[in-house]
1. Per the Kirkwood formula on distinct C-alpha pairs, the Rh of segment A:17-210 is how many angstrom?
2. Pull up the DSSP beta bridges for segment C:17-210 and report the antiparallel fraction as a percent, rounded to 5.
3. Determine ³J(HN,Hα), in whole Hz, for all residues of segment A:106-116 in sequence, where each value follows from phi through the Karplus function 6.51 cos²θ - 1.76 cosθ + 1.60 and θ = phi - 60°; x replaces Gly and Pro.
4. First measure r as the distance between the Cβ atoms of A:K176 and D:K211, then evaluate 1/(1 + (r/R0)^6) with R0 = 60 Å and state the FRET efficiency to the nearest 0.05.
5. Setting aside same-chain residues fewer than 8 positions from D:K176, which aspartates and glutamates have a Cα under 13 Å from its Cα?
6. Other chains' Cβ within 10 Å of C:10-18 residues: what's the mean?
7. If I histogram all Cα-Cα distances within segment C:58-142 using bins 5 Å wide from 0, what percent of pairs lands in each bin?
8. Against the 2.2 N^0.38 Å scaling, with N counting residues, where does segment B:115-167 land? I'd like the Cα-based Rg ratio to two decimal places.
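Each value in this text was obtained by applying a stated rule to the coordinates, not by laboratory testing. Predicted model, so just to flag it, every value in this text is computed and none were measured. Cβ placement follows ideal geometry from the backbone for every residue including glycine, while neighbour counts extend to all protein chains displayed.
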Protein chains: 4
Amino acid sequence: MANSKYEYVKSFEVEDKLMPSTWIVLRIDGRHFHQFSDKHEFKKPNDERALKLMNACAEAMFEEFPDLVFSYGVSDEYSFVFKKTTEFYNRRSSSITVSFFTSVYVMKWKDFFPDKDLKSIPSFDARTVCYPSTKIVRDYLAWRQVDCHINNQYNTCFWKLIESRKTKSETQDRLKGTQTQDKNEILFQLGVNYSDLPAIFRKGSCVFKDKVNSCFVSSLKNHILHFLYRSISYPFLHMHDDVLQSNKCFVAFYTPVEEIMKYNENGQPVKRSRNKVITDHCDIMGDKFWQEHASILKDE
Amino acid sequence: MANSKYEYVKSFEVEDKLMPSTWIVLRIDGRHFHQFSDKHEFKKPNDERALKLMNACAEAMFEEFPDLVFSYGVSDEYSFVFKKTTEFYNRRSSSITVSFFTSVYVMKWKDFFPDKDLKSIPSFDARTVCYPSTKIVRDYLAWRQVDCHINNQYNTCFWKLIESRKTKSETQDRLKGTQTQDKNEILFQLGVNYSDLPAIFRKGSCVFKDKVNSCFVSSLKNHILHFLYRSISYPFLHMHDDVLQSNKCFVAFYTPVEEIMKYNENGQPVKRSRNKVITDHCDIMGDKFWQEHASILKDE
Amino acid sequence: MANSKYEYVKSFEVEDKLMPSTWIVLRIDGRHFHQFSDKHEFKKPNDERALKLMNACAEAMFEEFPDLVFSYGVSDEYSFVFKKTTEFYNRRSSSITVSFFTSVYVMKWKDFFPDKDLKSIPSFDARTVCYPSTKIVRDYLAWRQVDCHINNQYNTCFWKLIESRKTKSETQDRLKGTQTQDKNEILFQLGVNYSDLPAIFRKGSCVFKDKVNSCFVSSLKNHILHFLYRSISYPFLHMHDDVLQSNKCFVAFYTPVEEIMKYNENGQPVKRSRNKVITDHCDIMGDKFWQEHASILKDE
Amino acid sequence: MANSKYEYVKSFEVEDKLMPSTWIVLRIDGRHFHQFSDKHEFKKPNDERALKLMNACAEAMFEEFPDLVFSYGVSDEYSFVFKKTTEFYNRRSSSITVSFFTSVYVMKWKDFFPDKDLKSIPSFDARTVCYPSTKIVRDYLAWRQVDCHINNQYNTCFWKLIESRKTKSETQDRLKGTQTQDKNEILFQLGVNYSDLPAIFRKGSCVFKDKVNSCFVSSLKNHILHFLYRSISYPFLHMHDDVLQSNKCFVAFYTPVEEIMKYNENGQPVKRSRNKVITDHCDIMGDKFWQEHASILKDE
């Protein structure tokens, strides 16, 4: 039986190929995550375990989609940058990636919340945008990090005021119209030095591929921290971050890529530049990070 | 700190609103499901538990998205029809729905495969198409059901020949160029009456909302079958379907919507027309189904 | 010399095919026509010759593009409806049609303005919209005709008040917030019965294809008017319209399609239903016109 | 009377804004120009007057649309490059520009063909493409110029063979599979040195804005040629081009922008860099042209 009689319905499909030679940015957002975080009693203003679950999903994305070069996450949102030349999935948009991200979120939930069952169905929205130049991609990422800062500072103030027995409406009145400096002042009066908060809260999270080589010396300290990190079990996670927080930019988590050591004919180890997926909490607004990781957004 | 300096990056976002007053069809497809089904040892040519997990995801979609009116699933693919007037999610496309579907797939896995752990990360692709008329939506659904028939008949032949100790290449040679009639003949010689196979394999699955009232009398037999269905535990599922298969169109599964019985002042029960989500394995190519369920694709 | 090295640039082209099985409406608008009409001293509030030039362009469109079924013009704007099944130009959008329209506008200028040279370069914008149902196309056309009425009534009032030696700002104040009834009252006081104005001003213009047969009897009166119309030379055009204006719906212009008369074996003339391009000034908001011309928007 | 009841039809309009910060290239193509050129007896293989009419249209485009930076024409096709930052017409696509081009084509016809009336209605198709980088725009233009070369060489051979009393099919057979070198050989045997042909045929035409200053010294020779060009009336156009053709790159036409000479307080003329629209027949495939006119495609 031929199916040709009905095949005309395919002519209604619209090609949704994205413009070639542009950076593709995919932004994933939790759907109804206000409710979701209430139902699962996420800590206010930031739940570190929830953030780390998001980071784990991002790391899994890098394992799965080789054309990802950078990602940035804050709260229940994650932005992924695909390289300009990617032909992944014929440059069509977002379904596969958001589906994969969601799958990992559910599958890894128990790793991060061993004490909590999923009580509702988490889902994510996604939006794909193309950017024609590296400068604009950097501005995009800066836009998200500024947002992270604005929201985190406001939320930190808000919940500290609530803790100090203000009502919700008193708190909202107190914060109305305040600037960065005012909010830092409020926090200071409540005994909080904003810049002492964990970088993961203040800066958000970056997951990206980097050359292992270039990282080797500079991140020795990070390796030790990483060792400590791995040694400390989950109940102590918070303490651990208090220890780590003084490092503006540290490696929080390494994906389990094994080192492959080769030796040349003289028995000397061959140094190879290899990509490793790194999760970090860096300042991505200034030039420093991008100069140190020039290969990430390089024009091919 | 204002974020206005970077907000220009939003101007690169493209509005992806779908044409108003058209039926929106979302088709979800398993990604790399050939590998996925091998890894999880799905039965050939059809794995009933895997199909029922897909159906359970579709049913959850109906609970979550009130503007869905019909859906049709076959193999690792599911098509969802949203009503013409839906403003769900501003008529933007597919991310939320495919993300939700994926979430349910992972969360319900253990209900259908209590004996198997997820060994890889399932994910789904999705595509959204608009259809301007009811006739074309019906042709779309017919297209999918014809595909179901063609593939299922081929695969059933293929695996029966393999069972009868043919090699893969012998089997492929045997089937090359055969028509529907030829394949039925081959199956007959191997002791299989194609029309005796379970409807879920031959017809695929329909999940849709229907008025409970209109269903009440006509599906009395179905209610009894449903009772039996519920009574029989999972290990006996297969036998159960052998019993049920003689009914061309039967209710396989009811979502747990409780009956609400009201009484009028005379103590008589008030009949109300209520939508119930129904899973079925009907012929959706002919007119009969659509005449009996005229409200599903009615033009508002 | 092969050109393949550069051909990748074609991959940046975006397919702009419109949705199949939908009515395609093309709306052409004069660009900077406020200036253009000042420069060419178009009469206020309506310049009949300018309107008839627009109509002539529309008629030429029907000669050129066989899939056009209806068009409606008002002021410097013209909307063209292509039939649902058209594959004209692969359902791509507007360039060819607006280019053709513009070409005719310049070429026919002298036919309508023999006393005026083109002093600036006329150009038109165009926009293409798809409509999935006949009802919505009719609503679209009603929308344009309501606009015609609103604008024409306002402009007629405005220029009559100016004629009566009001200043521009007095006139604007006088009209602010007035309703249809108020404006009719103002016109009445200035000696104008709005419904006596030429239909081309009040109703705009429709150009469409119609069966000659169905038209034959009913438009006999029109044929006579048409004969008169043709007999009267341009200087008397205005008077001519005063004569004609009492007919709500009359044929203003026939395209020069010759009658082809055939005879059957008994010497009787064979009546054939043939499409003729007709320009008219009908009410297209109510059902009457569409019932009398049911073939125009019929669903194939 | 409010029009709100029908305004919902506007919701069917699709936003067609092009991606910001990309070069917009508009390519205009003659529709049915094979017929059109036959009907108006254009010379084979190139009609210089027809090409110059196309160039005049392009020049008028530069007068009208200030965001144009470069254009390239060959045969009945013209490509226009808008600067990356243009907000012209809200970055919507092509209607206005192709309408304007068409208008000029008809209006200027008599300037170039004083001896011929327009016998049919010329119209143009248009397509808009965005390019994210300068390199790709240059590749686009190179692609068109290679096409010009390939077609012109083939057509020149073809018509020379026809002139030498070959039949059409003999000519087609003779040319089948020939390479650039083979065709040059054929032409040489027929007494034609391909590189002696007018640049307008071999290279196509570029119309662009350039700084007058930077041009001043280098194009002194061109100014003299330009003077000659202006002095020679149309009947002698062909001879004139024979004289000019030895200059690979010469100024064929200056738009009538008057020189504005200012003097400083010491009576010295103030040199100002001013944009002038220039028509030329340059090699735009190599780097030389773009280095000499670096401002044209500079990234802002």
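1. Hydrodynamic radius (Kirkwood, Cα pairs) of segment A:17-210 is 18.1 Å.
2. 100
3. Running phi through 6.51 cos²θ - 1.76 cosθ + 1.60 with θ = phi - 60° gives 6, 5, 8, 3, 5, 5, 9, 10, x, 8, 10 Hz.
4. 0.65
5. none
6. For this peptide, the per-residue mean of nearby foreign Cβ atoms is 6.
7. Calculated over all Cα pairs of segment C:58-142, the distribution is 3, 11, 23, 24, 18, 10, 6, 4, 1, 0 percent.
8. Expressed relative to 2.2 N^0.38 Å, the Cα Rg reads 1.78.
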